[in-house]
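*Asks:* The structure is given below, and queries will be raised subsequently.
The values are calculated or read from the model by the stated rules, or taken from the named source; none is laboratory data. Note that the coordinates shown come from a computational prediction; the quantities given were computed from them, not determined experimentally. So basically every Cβ, Gly included, is an ideal-geometry build from the backbone, and we count neighbours across all protein chains shown.
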Amino acid sequence: MKAPFMPTADLIVTNARILTMDDARPTAEAIALSGETILALGAAPEILALAGPATRVIDAAGRTVLPGFFEGHVHLGLGGAELAHLHIDHLHGAEEIAQAFRAFAATHPERPILIAQGADYGMLGHPISRHDLDAMISDRPIAMMSHDHHTVWANTAALEATGLMQGAPMPHGHEVVLDEDGLATGELREFEAFGPIIALAGEARINLGIATGEEPATPPTAEERAADKAMILAGMRHCARHGVTSLVNMDGNRYTLELLSEMQAEGTLLLRVKVPFHFKPHMDLSALDRASDMMRDFDDAWISSGFVKMFMDGVVDSRTAYMLNDYADAPGHRSEPLFAPETFKAIATEIDRRGLQIAVHAIGDGAVRVTIDGIEAARAANGPRDARHRIEHIELIDPADIPRLGALGITASLQPPHSPGAMEFPLEPTLTRIGRARWPDAYLWKTLATRGGAPIAYSSDWPVTDVSVLRGIHAGVTRTPFEGCTDECLSLMETLRAYTAGGARAAHRDHVTGTLRPGLAADLVMLGGDIESCAPDAIPDLGIALTVCGGRILWEDPARMP
């Protein structure tokens, strides 16, 4: 009997420690790629037999090979744009920040506004105001974006240039903070409040998906589209350097999908991207027609939609996260949900009825409960299905709500770098805001997986934190418990799965990628060493040796290659 024809491999990686995330074959020694798909996995001799004259063979020398990292929650265009901003997350005190701003200003005289990324709420030792920034630079507009991307502080020149000095009407949950004289303090809370600052920087279109959920008011010119695609491409290249091959862009609109499709046609689409329709509180249910259209029109192995993103609350540090109980340092204040509970139930039910996925930013335990209640109502109305609805962040949860996640099939989409003290986020003011009594209910990664039964997907929320997956893995396996709390770290293998197969499953992309098995996408990452044998604190230093997406090498580091 004639043996079946087997194509010749384009790329073979052998002598590797391959962690496939496929329960049917957890490990392999070698992998062969052909075109955009995985050809075969197995022992080195059988895989090397697939080599032809043009096959590139890489001897991994024992390095770890994984499915390409699946970043389950990033903001691609924003991150690409912010690569060109000033970054101050490593600085402390007004003088260090002022020096950085002045040096940045000297090298960028043409910019209409100078924006710094990575500010934390307590970095000046007191509530930040426009006067603090005026003391740094007063003759040019400058602004600082908080590390969580929910607050901007602007100087007087920036407020005057954007017409915000006397405040401005804002949707519920967004605020230009005013002083007792009716003038802006410089603190701008949430996206629509600081939207004019972003627009002054020339980045309004790329921010529409998260700020308003709407499309550009006028059709962008070819030059403007090219500028926006350049920001997206910069973001993709940055992600690829860190081993990311697929991502969920947690903000978006049809314009974002059109840009990605143009890049696909031009040959510059490097990564697989899923884009939501962003439903805002001012919209009515008919707006979901746009989400259904996006799902219908964009659905291939590279570009997809099919889900609706919403914000239920803000963040802890600005006290805009919605809590079931008062903030420990602000008696009487709990914030409010951005969607009234009954309204959200109706919205969730309609989203689910259309066969769309629900993804909700919910940080406070009150916001988490409202979201669970809405998803539960949708399931009761429409019946169970493999919806994989998801909640983003879940930084605080009431113990009574933990088992409801698994019961409803809700994915916990979590960010190891967000836990205070794990990476760039400082301990304060977060721990004081939450209060010692509630620390045991915060950042419950292991508890949500074990007692809650929730599928777990990990991500960075870049550019909120560093997109480096290796740093995220390190944060995920080494986090020190707060006083009186249990260890919430998942194991190394559970963490790796959450950054690969877990992310793909959560995004309904597991039929394309997320595991290494024949017929799936040729997406893989090779680390600079063996992650299973290195000390946990050495994980970030392993580095990424090779990133391959769809069979194309996107990143290769000669210093870390064998």
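*Asks:* Run down THR447, THR465, THR495 and say which single residue is surrounded by 20 or more Cβ atoms within 10 Å (Cβ to Cβ) and not in a loop (DSSP other than H, G, I, E, B).
*Replies:* Result of the check over THR447, THR465, THR495: THR495.
*Asks:* Say we look at region 45-64 and pick out the residues that are of a type outside the set (Gly, Ala, Ser) and either outside the structural domain of GLY528 (by TED's automatic domain parsing) or assigned to a strand (DSSP E or B) (or both); which of these is surrounded by the fewest Cβ atoms within 10 Å (Cβ to Cβ)?
*Replies:* Within region 45-64, the first condition is being of a type outside the set (Gly, Ala, Ser), and the residues that meet it are 45-48, 50, 53, 55-59, 63-64.
Next, only the ones that are either outside the structural domain of GLY528 (by TED's automatic domain parsing) or assigned to a strand (DSSP E or B) (or both) stay: 53, 55-59, 64.
Details: PRO53: 5, THR55: 16, ARG56: 12, VAL57: 15, ILE58: 22, ASP59: 15, THR64: 22.
It comes out as PRO53.
*Asks:* From the list LEU76, LEU83, LEU114, pick out the single residue that is surrounded by fewer than 18 Cβ atoms within 10 Å (Cβ to Cβ), within 29 Å of PHE311 (Cα to Cα) and either touching a helix residue (DSSP H, G or I) at 6+ places or on another chain (Cβ under 7 Å) or not acidic (Asp, Glu) (or both). Explain how you work it out, then say what you get.
*Replies:* Numbers: LEU76 fails: surrounded by fewer than 18 Cβ atoms within 10 Å (Cβ to Cβ); LEU114 fails: surrounded by fewer than 18 Cβ atoms within 10 Å (Cβ to Cβ).
Only one candidate qualifies: LEU83.
*Asks:* It is to be established whether one or more residues within region 516-533 are among the small types (Gly, Ala, Ser) and over 23 Å from GLY42 (Cα atoms). Talk me through it step by step, then tell me what you get.
*Replies:* The initial filter retains those residues of region 516-533 that are among the small types (Gly, Ala, Ser), namely 519, 521-522, 528-529, 533.
This time we only want the ones that are over 23 Å from GLY42 (Cα atoms), so: none.
No, the conditions are met nowhere in region 516-533.
*Asks:* Could you tell me which residue of region 211-233 is modelled with the lowest pLDDT, considering only residues that are surrounded by 13 or more Cβ atoms within 10 Å (Cβ to Cβ) and in a loop (DSSP other than H, G, I, E, B)?
*Replies:* Checking each candidate, the answer is THR212.
*Asks:* Identify, from the list GLY453, GLY484, the residue that is at pLDDT below 95 and over 21 Å from the mean Cα position of the chain (by Cα). Write out each step before concluding.
*Replies:* Details: GLY453 fails: at pLDDT below 95.
Only one candidate qualifies: GLY484.
*Asks:* Any idea which residue in region 499-542 is surrounded by the fewest Cβ atoms within 10 Å (Cβ to Cβ), counting only those that are β-branched (Val, Ile, Thr) and within 30 Å of MET295 (Cβ to Cβ)? Walk me through how you get there before you give the answer.
*Replies:* Quick first cut of region 499-542, residues β-branched (Val, Ile, Thr) only: 500, 512-513, 515, 525, 531, 539.
If we keep only those that are within 30 Å of MET295 (Cβ to Cβ) as well, we get 500, 512-513, 515, 525.
On the way: THR500: 31, VAL512: 17, THR513: 27, THR515: 23, VAL525: 27.
Among those residues, the one meeting the criterion is VAL512.
*Asks:* Just to be sure, is HIS511 within 26 Å of ILE12 (Cβ to Cβ) and either part of a loop (DSSP other than H, G, I, E, B) or not hydroxyl-bearing (Ser, Thr, Tyr) (or both)?
*Replies:* On the way: within 26 Å of ILE12 (Cβ to Cβ): yes; either part of a loop (DSSP other than H, G, I, E, B) or not hydroxyl-bearing (Ser, Thr, Tyr) (or both): yes.
For HIS511, the condition - within 26 Å of ILE12 (Cβ to Cβ) and either part of a loop (DSSP other than H, G, I, E, B) or not hydroxyl-bearing (Ser, Thr, Tyr) (or both) - is met.
*Asks:* Here's something else I'd like to know. Take the conditions touching a Pro at 6+ places or on another chain (Cβ under 8 Å), at pLDDT 95 or above and of a type in the set (D, E, K, R) and apply them to ARG63. Does it pass? Full working, then the answer.
*Replies:* On the way: touching a Pro at 6+ places or on another chain (Cβ under 8 Å): yes; at pLDDT 95 or above: yes; of a type in the set (D, E, K, R): yes.
In short, yes.
*Asks:* Count, please, the residues in region 335-361 that happen to be over 18 Å from SER305 (Cα atoms) and among the basic types (Lys, Arg).
*Replies:* Number of matching residues: 1.
*Asks:* Sticking with this structure for a sec: Which one of ARG296, ARG290, ARG272, ARG254 is within 20 Å of the chain's Cα centre (by Cα), surrounded by fewer than 23 Cβ atoms within 10 Å (Cβ to Cβ), within 24 Å of ILE391 (Cα to Cα) and not aromatic (Phe, Trp, Tyr)?
*Replies:* So the residue among ARG296, ARG290, ARG272, ARG254 that is within 20 Å of the chain's Cα centre (by Cα), surrounded by fewer than 23 Cβ atoms within 10 Å (Cβ to Cβ), within 24 Å of ILE391 (Cα to Cα) and not aromatic (Phe, Trp, Tyr) is ARG254.
*Asks:* I'm trying to understand the selection: among the residues of region 9-44, which are free of Cβ contacts under 8 Å to residues at least 24 places away in the same chain and assigned to a strand (DSSP E or B)? It would help to see each step written out before you state the result.
*Replies:* Looking only at region 9-44, we keep the residues that are free of Cβ contacts under 8 Å to residues at least 24 places away in the same chain, and these are 23, 26-27, 29-30, 32, 42-43.
Passing the criteria: THR27, ALA30, ALA32, GLY42.
*Asks:* Regarding GLY502, is this residue modelled with pLDDT under 95 and either part of a loop (DSSP other than H, G, I, E, B) or over 15 Å from ALA535 (Cα atoms) (or both)?
*Replies:* No; evaluated as a whole, the condition is false for this residue.
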